[in-house]
Every structure is written in C-alpha cells, then in structure tokens.
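Undergrad: Quick one: this structure, given as structure tokens, is what I'll be asking you about.
What follows draws every value from the coordinates through simple rules; no lab data is involved. This is a predicted model, so every value here is computed, not measured. Every residue, glycine among them, receives a Cβ derived from its backbone with ideal geometry; neighbour counts consider all protein chains shown.
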Amino acid sequence: MLPKDERRRLKEIENQLMGDDPKLARRLTETSSLRRLWLQLSPRTLLVLVAAVLAVLCLFLGEGGGMFFSAVLAVLVFASRKCQIRLE
C-alpha cells in the first residue's frame with residue numbers, strides 16, 4: 001500500500017489526466033472483456049487450451065501420434081486441476 005501523500009499525488013495526476021484528455025483517461029481505466037478473460041486464465045487452463053487446440057490441429061493434419069500426445073496432455077492437466085503447483 002502506498003503512503004497517503006503518494007496516493008493523493010496519484011489521484012491528482014488521474015484528475016488532471018481526466019481534465020486534459022477524458023477519452024484517453026476512459027480508455028486507460030476501462031478493461032476489455034478479452035483482457036479480463038486473459039487475466040482470469042490460470043497457467044494450467046492455458047496449457048489445457050493450447051494442448052486441446054494442438055490435438056485438434058494434429059487430427060486435421062493426420063498426425064495421429066501428435067494428436068494422441070496432445071490429447072493425453074490436455075486430459076492429464078485437466079484431471080490434475082485440484083493439485084497445487086507452487087512456484088517459489
């Protein structure tokens with residue numbers, strides 16, 4: 001948490017920006033739905049999505065081994081979603 005004087009100064013800068021360029025200030029404070037979705041994805045969910053897309057791509061390209069490996073990876077990661085991964 002920032003000290004009171006720094007928070008006050010940041011609020012002054014924000015108010016000045018709103019006065020100078022309200023359109024830019026609005027764009028900086030709004031978050032797009034795609035950005036919000038991206039921020040909510042966990043690394044594990046992202047890995048499952050990538051592996052699933054890769055499995056479908058390999059299926060269409062006729063690469064049975066790659067499709068099998070990607071599908072197994074997606075299923076294993078999805079099934080292990082209750083396990084905790086700690087990065088320290």
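Undergrad: So for SER80, SER70, SER33, fewest C-beta neighbours within 10 Å to most, what's the order?
TA: Fewest to most other Cβ atoms nearby, the residues stand as SER33, SER80, SER70.
Undergrad: What distance in nm separates the simple spin-label points at THR29 and GLU14, each placed 7 Å from Cα in the Cβ direction?
TA: Distance between label points: 0.7 nm.
Undergrad: Specify which labelled value, from [x] -0.70, -1.05; [y] -0.39, -0.89; [z] -0.65, -0.96, agrees with log10 I(q)/I(0) by the Debye sum over Cα atoms at q = 0.12, 0.20 Å⁻¹ derived from the coordinates of the model shown.
TA: For log10 I(q)/I(0) by the Debye sum over Cα atoms at q = 0.12, 0.20 Å⁻¹, the calculated option is [z].
Undergrad: Calculate, in nm to one decimal, what ARG36 and PHE69 gain on full extension: separation in residues at 0.36 nm each, minus their alpha carbon distance.
TA: Length difference between fully extended and current span is 8.8 nm.
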